[in-house]
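Comments concern the structure below.
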């Protein structure tokens, strides 16, 4: 019996791989290879561009001698602009027929923000650059979703979303490493010059997507008989399943958003030399996990449903916080980031898919994504502020344990109140 077990396991693995290859063929039906690969590399280079902001901005400004309050003001301005723009950006992505043009505008404005940071690192220009970047982020993210759904339709959206996040994660991982090297061995502003330069291949990749293959009705998730649906935020708020799912995501974000900055602060206290290289490693680790796992998440969400995978993704987060409560030893931090990659692969892919499921026929897929994105942005801002005070007065152990409890609450909400959303059949 034991001698036949490896053979049986191999057969199951081959069968699973065959199923996955067959499922991938669905991506090739709606659009041409040119559009599919154009979207792949748009995701890759757009992730390259976005990696230049966020964590590296804080390192850059601090290295220039900015005070903590000044850095915090600049980052807060960008975060607020991103939150404010989420809902209008989603509505714009639904309304505009020229999706590629909207995306191109966002990429050009991001390049402008990067160049301002590189060459004019004083208070007013930096705040303007951060606001500009936050505003365009609220446009670019939903437009990628709109182009994806318009190209492949709901039936293939699970695999397309997994593929989007694979290329995006690969872009983040590669660029985090390169920018860590640039920050350590070249000039500090080299990170942002490189960010602006990477907008060029992003625009080239976007140009490969054929506009005629982006179906306007499908891109909005509208019903066949109502391609110009006028659903508003008020209508979305009446969708209690969407509201419950958003509530779980908000709890998750309250736990998750502050963890990498807290890890970075801990690392800065223990490793003084070439900190940008060490932090870039912690950024790259989860992105590599996402790049490997994201397409499989999309595939298995079609076979097993959304909820079982969601439960796994949410349940990993309290374990991660528990690990961080125990030690700041770098290998443990890296292990925690692997867990972050697992939960990230599951939750980022399935957030798009669940919203797609819950907005079918409304014509407001991107508006709903903007609403969810705004709630998550608010939660992230509250998280970083609250944990800063919590860690200052209660210490890291109590702080990470509190984060673990919040993350466990999010998993419990998914388990008890969020039902399966995958439809038995898709109506394109």
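Readers should treat all values here as calculations from the given coordinates under stated rules, not as data from a laboratory. None of these values were measured; they are calculated from a predicted model. All Cβ positions, even for glycine, are placed from backbone atoms using ideal geometry, and neighbour counts span all protein chains on display.
Worth a mention:
- Among 367, 412, 260, 251, the order by Cβ neighbours within 10 angstrom, fewest to most, reads 412, 260, 251, 367.
- Peptides 284-296, 317-329 ranked from most to least packed, by the mean per-residue count of other Cβ atoms within 10 Å: 284-296, 317-329.
- Nearest-0.05 FRET efficiency for residue 292 and residue 422, computed from C-beta distance (R0 30 Å): 0.85
- Relative packing of peptides 99-107, 389-397, 237-245, 38-46 - highest average C-beta neighbours within 10 Å first: 38-46, 99-107, 237-245, 389-397
- Residue 181 paired with residue 334, simple spin-label distance in nm, labels 7 Å along Cα-to-beta-carbon: 1.8
- Mean Cβ count within 10 Å, highest first, over the residues of peptides 83-95, 116-128, 164-176: 164-176, 83-95, 116-128
- Full-stretch length increase - residue 385, residue 323 - with 0.36 nm per residue and alpha-carbon distance subtracted: 20.1 nm
- Each label was represented as a point 7 Å from its Cα along the Cα-to-Cβ direction; for residue 412 and residue 122 these points are 5.3 nm apart.
- With 5 Å bins from 0: P(r) over region 29-156, alpha-carbon pairs, percent: 2, 11, 19, 20, 17, 12, 9, 5, 3, 2, 0
- Among 384, 398, the ranking by other beta carbons within 10 Å of each residue's beta carbon, starting with the fewest, stands as 398, 384.
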